[in-house]
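My questions will all concern the structure given below.
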Ligand code: GAL
């Protein structure tokens with residue numbers, strides 16, 4: 001009755017994703033272990049008998065380029081970046097990260113031995129493959145998918161050996177030069193699944209669930225379920241659906257018979273409507289999830305069991321009200337993020353994503369724009385669970401190229417398929433609140449651009465009538481000429497000063513800051529004198545953390561804050577970016593070794609820059625923020641003007657240097673946009689000792705204090721594991737993030753420490769990677785040594801597969817070393 005699986009050794013390595021009971025008619029194997037990989041053209045490598053013994057053994061998710069080495073010639077682009085208003089082509093060595101991702105790569109492995117019963121189906125599902133994936137089973141090509149960020153699947157039943165195997169899967173990938181504006185990663189960087197189903201089954205992404213009516217007493221849940229395969233004439237189909245709440249209690253159920261012949265073969269489906277009593281609504285603050293389990297029967301035989309996890313919530317944009325979640329107006333406190341995970345590259349890792357989301361939530365952020373492409377499914381699932389709204393984005397290019405070999409070459413043929421797959425995959429996730437059909441596409445101002453907009457938006461509406469469509473626009477004049485008016489939600493990049501004009505001319509009655517700020521800074525770096533500046537460059541290839549530097553087209557955060565506060569129709573912002581990412585080292589695009597971004601609120605290691613606290617003060621109303629900058633260790637600056645800023649949600653504060661008051665500052669509106677959002681003491685003279693701030697509430701009551709002390713010589717290392725992630729899981733993949741700090745003997749951070757540190761991991765774990773957040777650092781992430789950057793770096797320890805303890809030890813020249821024991825459960 002069920003798939004008879006002859007479990008070979010290989011299958012032991014393939015962990016099932018779903019908890020499968022003995023009677024489960026569906027099997028979902030994650031194909032993570034047992035892969036062979038090599039780079040370069042390999043004629044004939046798709047053939048089952050090809051000798052791959054000398055290839056590298058790898059586990060996926062795998063990014064073949066992230067271990068480097070870094071170099072200035074990989075994907076060196078000689079271009080003028082139009083978006084940065086450049087007129088002449090110059091050499092950009094770090095534009096895509098300076099890593100060896102260009103070229104061909106091959107992956108091979110045997111499939112778990114599966115002897116399919118008559119009529120059973122086997123499907124390969126790729127969560128994403130970078131890029132130009134050609135997939136072969138037993139030497140025959142089963143399909144091709146060019147866009148490296150999308151999920152896609154192929155039915156491989158007819159390619160399998162008739163008697164259960166062996167079956168060989170081979171995947172050829174190819175990355176072109178000048179195909180990206182940032183580091184894309186390379187290889188099978190997301191998961192690959194083998195799905196085994198019965199003849200009659202729910203196909204991949206085969207349910208569509210909406211909540212058309214939500215009241216306090218009950219919410220209606222509409223579930224459309226597709227059925228693939230042709231049932232035997234004698235076996236009428238039935239779909240039994242149960243909805244469970246977060247505690248696992250059944251809160252609604254429905255059994256729906258389907259008369260045979262009710263629909264043409266291959267188009268059978270069920271429409272069910274269930275009522276959930278006293279629904280608990282999903283929001284970033286209350287991420288409550290339900291699960292619909294649908295059991296598909298043919299006659300009395302259970303053919304499939306399919307889970308759809310969902311949330312009950314409504315989204316709307318309305319003139320006069322802006323964005324409404326569950327009927328409540330709110331403004332997006334969002335960030336844009338690229339997909340790379342810093343030192344892990346593009347290789348997906350759930351712990352790494354979880355850490356990113358937890359850090360963003362701690363800042364008060366409630367939304368992410370998945371710029372500029374479809375995210376990993378694990379990110380979407382985590383956003384549901386942890387409470388993070390998503391703008392799910394598709395394309396950085398339509399028909400007109402931004403880079404020579406970008407997506408424009410595929411746009412005409414593939415855009416509908418790419419958009420449709422994304423929507424089918426992500427449409428049941430409550431976290432996804434809107435679709436974005438593009439970012440700064442040059443077609444905004446090209447003849448026919450608005451026809452493309454309409455076509456894409458219509459596809460999105462056809463596939464999902466419940467969510468609005470937006471995009472990031474940057475060509476303001478062209479946009480107001482019959483382009484922006486067509487969008488459900490007009491999204492503007494870097495135009496806070498023009499919101500009133502857009503609002504006056506557009507019919508929607510609201511707009512969105514789809515991409516904002518692009519302030520640049522390097523963690524721990526402070527430049528003097530402190531001046532507001534555009535495109536500012538320094539010989540050390542760093543940018544100042546006073547948060548006063550931006551690009552010629554971008555702004556400091558305060559200008560967007562003011563627009564959002566003053567323009568009631570503005571529905572919030574998505575800051576460029578939450579985290580630093582590999583590639584796009586503006587303002588140093590032409591200056592190797594700069595090879596990662598300076599835009600992040602958090603650096604490439606995930607350490608907060610000062611700006612984190614500026615956003616936290618604004619976004620995280622529930623908790624007090626009181627943060628001082630700069631650090632207070634400036635040998636040689638004695639007596640010199642050293643401005644002090646305070647990022648706080650208190651309205652005023654008094655500053656003291658060694659007990660001497662520097663006066664009280666109160667946030668206020670002036671010609672300087674910063675005075676409204678920061679407390680600033682521009683004329684402080686540096687003297688070593690203690691910098692102290694005392695914050696007052698609106699009634700003048702003292703509420704909190706914060707101090708920074710001058711550090712003495714570096715004395716020891718301190719290891720601080722990221723507590724929010726909890727103990728490690730003994731699954732061989734979980735990660736602990738441990739911040740390593742160089743401190744003086746009193747525990748003060750040594751803010752200029754740059755010693756080369758070394759790491760050892762023993763016990764039930766291993767060293768995975770290290771990052772210091774320095775955009776110019778060429779040390780590989782995968783070696784257990786790296787220089788501290790401004791006194792800090794982050795080590796990633798990977799859990800083993802047995803419970804116990806993993807011990808991390810860090811050492812450095814002249815420093816007392818430190819160890820930490822990490823529990824593995
Ligand atoms: C925007 C663009 C982003 C990124 C950013 C920072 O214009 O949409 O992808 O390039 O600028 O340079």
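The values are calculated or read from the model by the stated rules, or taken from the named source; none is laboratory data. If you're wondering where the values come from, they're calculated on a predicted model, not measured in any experiment. Cβ placement follows ideal geometry from the backbone for every residue including glycine, while neighbour counts extend to all protein chains displayed.
Assess whether residue 633 counts as being under 27 Å from the mean Cα position of the chain (by Cα) and either within 16 Å of the ligand (Cβ to nearest atom) or not in a helix (DSSP H, G or I) (or both).
no
If the requirement is being more than 16 Å from the ligand (Cβ to nearest atom), in contact (Cβ under 8 Å) with a residue 12 or more places away in the chain, assigned to a loop (DSSP other than H, G, I, E, B) and in contact with a strand residue (DSSP E or B) (Cβ under 9 Å, 6 or more places away or on another chain), which of these qualifies: 572, 639, 600, 663?
Values: 572 fails: assigned to a loop (DSSP other than H, G, I, E, B); 600 fails: more than 16 Å from the ligand (Cβ to nearest atom); 663 fails: assigned to a loop (DSSP other than H, G, I, E, B).
From the options 572, 639, 600, 663, the qualifying one is 639.
A quick yes/no check of all residues on (1) within 20 Å of the chain's Cα centre (by Cα); (2) surrounded by fewer than 22 Cβ atoms within 10 Å (Cβ to Cβ); (3) at pLDDT 95 or above:
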residue	(1), (2), (3)
362	yes, yes, yes
368	yes, no, yes
372	yes, no, yes
379	yes, no, yes
399	no, yes, yes
424	yes, yes, yes
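Here's a follow-up. Filter segment 218-250 down to the residues that are modelled with pLDDT of 95 or more and on the phi > 0 side of the Ramachandran plot and list them by number.
248
To continue, here is another question. Among the residues of segment 750-780, how many are more than 19 Å from residue 713 (Cα to Cα), surrounded by fewer than 24 Cβ atoms within 10 Å (Cβ to Cβ) and in contact (Cβ under 8 Å) with a residue 12 or more places away in the chain?
The qualifying residues number 14.
Moving on to the next point. Filter segment 149-159 down to residues that are more than 16 Å from the ligand (Cβ to nearest atom) and out of contact with any strand residue (DSSP E or B) (no Cβ under 6 Å at 6 or more places or on another chain) and give me whichever is farthest from residue 64 (Cα to Cα).
Here the answer is 158.
Next question. Out of the residues in segment 473-489 that are in contact with a helix residue (DSSP H, G or I) (Cβ under 8 Å, 6 or more places away or on another chain) and under 21 Å from residue 389 (Cβ atoms), which is farthest from the ligand (Cβ to nearest atom)?
Result: 488.
Might you let me know whether segment 579-589 holds any residue that is more than 13 Å from the ligand (Cβ to nearest atom) and assigned to a loop (DSSP other than H, G, I, E, B)?
No, segment 579-589 contains no residue that is more than 13 Å from the ligand (Cβ to nearest atom) and assigned to a loop (DSSP other than H, G, I, E, B).
List pairs: first residue in segment 172-185 and on the phi > 0 side of the Ramachandran plot and within 15 Å of the ligand (Cβ to nearest atom), second residue at pLDDT 95 or above and not in a loop (DSSP other than H, G, I, E, B) anywhere in the structure, Cβ distance under 8 angstrom, at least six positions apart or on different chains.
Short answer, once both residue conditions are applied: none.
Given the structure, is residue 376 within 30 Å of residue 225 (Cα to Cα), away from the ligand (no atom under 16 Å from the Cβ) and touching a strand residue (DSSP E or B) at 6+ places or on another chain (Cβ under 7 Å)?
Numbers: within 30 Å of residue 225 (Cα to Cα): yes; away from the ligand (no atom under 16 Å from the Cβ): yes; touching a strand residue (DSSP E or B) at 6+ places or on another chain (Cβ under 7 Å): no.
Criteria not met by residue 376.
Looking at 481, 450, which is the one that is assigned to a loop (DSSP other than H, G, I, E, B), out of contact with any strand residue (DSSP E or B) (no Cβ under 9 Å at 6 or more places or on another chain) and without any contact (Cβ under 8 Å) to a residue 60 or more places away in the chain?
Details: 450 fails: assigned to a loop (DSSP other than H, G, I, E, B).
The conditions single out 481.
So for segment 696-703 (the condition being surrounded by fewer than 20 Cβ atoms within 10 Å (Cβ to Cβ), assigned to a helix (DSSP H, G or I) and free of Cβ contacts under 8 Å to residues at least 24 places away in the same chain), does at least one residue qualify?
Checked against the condition, which is being surrounded by fewer than 20 Cβ atoms within 10 Å (Cβ to Cβ), assigned to a helix (DSSP H, G or I) and free of Cβ contacts under 8 Å to residues at least 24 places away in the same chain, segment 696-703 yields no hits at all.
Can I ask one more? Could you check, for segment 340-359, whether at least one of its residues is in contact (Cβ under 8 Å) with a residue 24 or more places away in the chain, over 29 Å from residue 189 (Cα atoms) and surrounded by fewer than 21 Cβ atoms within 10 Å (Cβ to Cβ)? Break it down stepwise before answering.
As a first pass, look at segment 340-359 and keep what is in contact (Cβ under 8 Å) with a residue 24 or more places away in the chain: 340, 342-359.
This time we only want the ones that are over 29 Å from residue 189 (Cα atoms), so: none.
Scanning segment 340-359, I find no residue that is in contact (Cβ under 8 Å) with a residue 24 or more places away in the chain, over 29 Å from residue 189 (Cα atoms) and surrounded by fewer than 21 Cβ atoms within 10 Å (Cβ to Cβ), so the answer is no.
Which residues, taken from segment 578-592, are surrounded by fewer than 23 Cβ atoms within 10 Å (Cβ to Cβ) and farther than 18 Å from residue 553 by Cα?
Result: 591, 592.
Mind listing whichever residues of segment 719-749 are surrounded by fewer than 16 Cβ atoms within 10 Å (Cβ to Cβ) and within 24 Å of residue 777 (Cα to Cα)?
Residue satisfying the conditions is 720 alone.
Here is a further query. From 519, 470, which residue is farther than 23 Å from residue 400 by Cα, in contact (Cβ under 8 Å) with a residue 12 or more places away in the chain, crowded, with 21+ Cβ neighbours inside 10 Å and within 16 Å of the ligand (Cβ to nearest atom)? Can you show your working first?
Values: 470 fails: farther than 23 Å from residue 400 by Cα.
Result of the check over 519, 470: 519.
Please find, within segment 493-516, the residue that is nearest to residue 536 (Cα to Cα) out of those that are buried (at least 23 other Cβ atoms within 10 Å of the Cβ) and touching a strand residue (DSSP E or B) at 6+ places or on another chain (Cβ under 6 Å).
Ranking the qualifying residues of segment 493-516, first place goes to 516.
State the number of residues belonging to segment 281-338 that are within 16 Å of the ligand (Cβ to nearest atom) and touching a strand residue (DSSP E or B) at 6+ places or on another chain (Cβ under 7 Å). Show your work before the answer.
Kept after step one, since they are within 16 Å of the ligand (Cβ to nearest atom), are these residues of segment 281-338: 334-338.
Pick out the ones that are also touching a strand residue (DSSP E or B) at 6+ places or on another chain (Cβ under 7 Å) and you get 334-337.
Adding up the residues that qualify gives 4.
Can you tell me which residue in segment 83-99 is surrounded by the fewest Cβ atoms within 10 Å (Cβ to Cβ), limited to those that are closer than 25 Å to residue 443 by Cα and within 14 Å of the ligand (Cβ to nearest atom)? Write out each step before concluding.
Taking segment 83-99 first, the residues closer than 25 Å to residue 443 by Cα are 83-90, 92, 95-96.
Filter once more, keeping what is within 14 Å of the ligand (Cβ to nearest atom): 83-86, 92, 95-96.
Numbers: 83: 15, 84: 15, 85: 11, 86: 15, 92: 27, 95: 26, 96: 28.
It comes out as 85.
Take residue 449 and tell me if it is touching a helix residue (DSSP H, G or I) at 6+ places or on another chain (Cβ under 8 Å), under 18 Å from residue 184 (Cβ atoms) and crowded, with 20+ Cβ neighbours inside 10 Å. Full working, then the answer.
Numbers: touching a helix residue (DSSP H, G or I) at 6+ places or on another chain (Cβ under 8 Å): yes; under 18 Å from residue 184 (Cβ atoms): no; crowded, with 20+ Cβ neighbours inside 10 Å: yes.
No.
Tell me, please, whether a residue that is closer than 25 Å to residue 330 by Cα, within 16 Å of the ligand (Cβ to nearest atom) and under 21 Å from the mean Cα position of the chain (by Cα) can be found in segment 606-626.
Residues of segment 606-626 that are closer than 25 Å to residue 330 by Cα, as a first pass: 611-626.
Among the residues that remain, those that are also within 16 Å of the ligand (Cβ to nearest atom) are: 611.
Of the ones still in play, those that are also under 21 Å from the mean Cα position of the chain (by Cα) are 611.
Yes - at least one qualifying residue is present in segment 606-626.
Here is a yes/no grid of residues against (1) more than 30 Å from residue 554 (Cβ to Cβ); (2) modelled with pLDDT of 95 or more; (3) not in a loop (DSSP other than H, G, I, E, B):
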| position | (1), (2), (3) |
| --- | --- |
| 36 | yes, yes, yes |
| 42 | yes, yes, no |
| 96 | no, yes, no |
| 109 | yes, yes, yes |
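Condition test on residue 243, is it crowded, with 21+ Cβ neighbours inside 10 Å, touching a residue at least 24 places away in the same chain (Cβ under 8 Å) and away from the ligand (no atom under 16 Å from the Cβ)?
It is true that residue 243 is crowded, with 21+ Cβ neighbours inside 10 Å, touching a residue at least 24 places away in the same chain (Cβ under 8 Å) and away from the ligand (no atom under 16 Å from the Cβ).
On to the next question. Can you find, within segment 540-563, the residue that is surrounded by the fewest Cβ atoms within 10 Å (Cβ to Cβ) among those that are away from the ligand (no atom under 16 Å from the Cβ), more than 24 Å from the chain's Cα centre (by Cα) and outside any loop (DSSP other than H, G, I, E, B)?
Selected residue: 562.
So is residue 408 free of Cβ contacts under 8 Å to residues at least 12 places away in the same chain, buried (at least 18 other Cβ atoms within 10 Å of the Cβ) and within 16 Å of the ligand (Cβ to nearest atom) or not?
Considered against the rule, which asks whether it is free of Cβ contacts under 8 Å to residues at least 12 places away in the same chain, buried (at least 18 other Cβ atoms within 10 Å of the Cβ) and within 16 Å of the ligand (Cβ to nearest atom), residue 408 comes out as yes.
Considering only residues that are within 17 Å of residue 222 (Cα to Cα) and either assigned to a loop (DSSP other than H, G, I, E, B) or within 27 Å of the chain's Cα centre (by Cα) (or both), which ones fall in segment 272-291?
Scanning segment 272-291 gives 278, 279, 280, 281, 282, 289, 290, 291.
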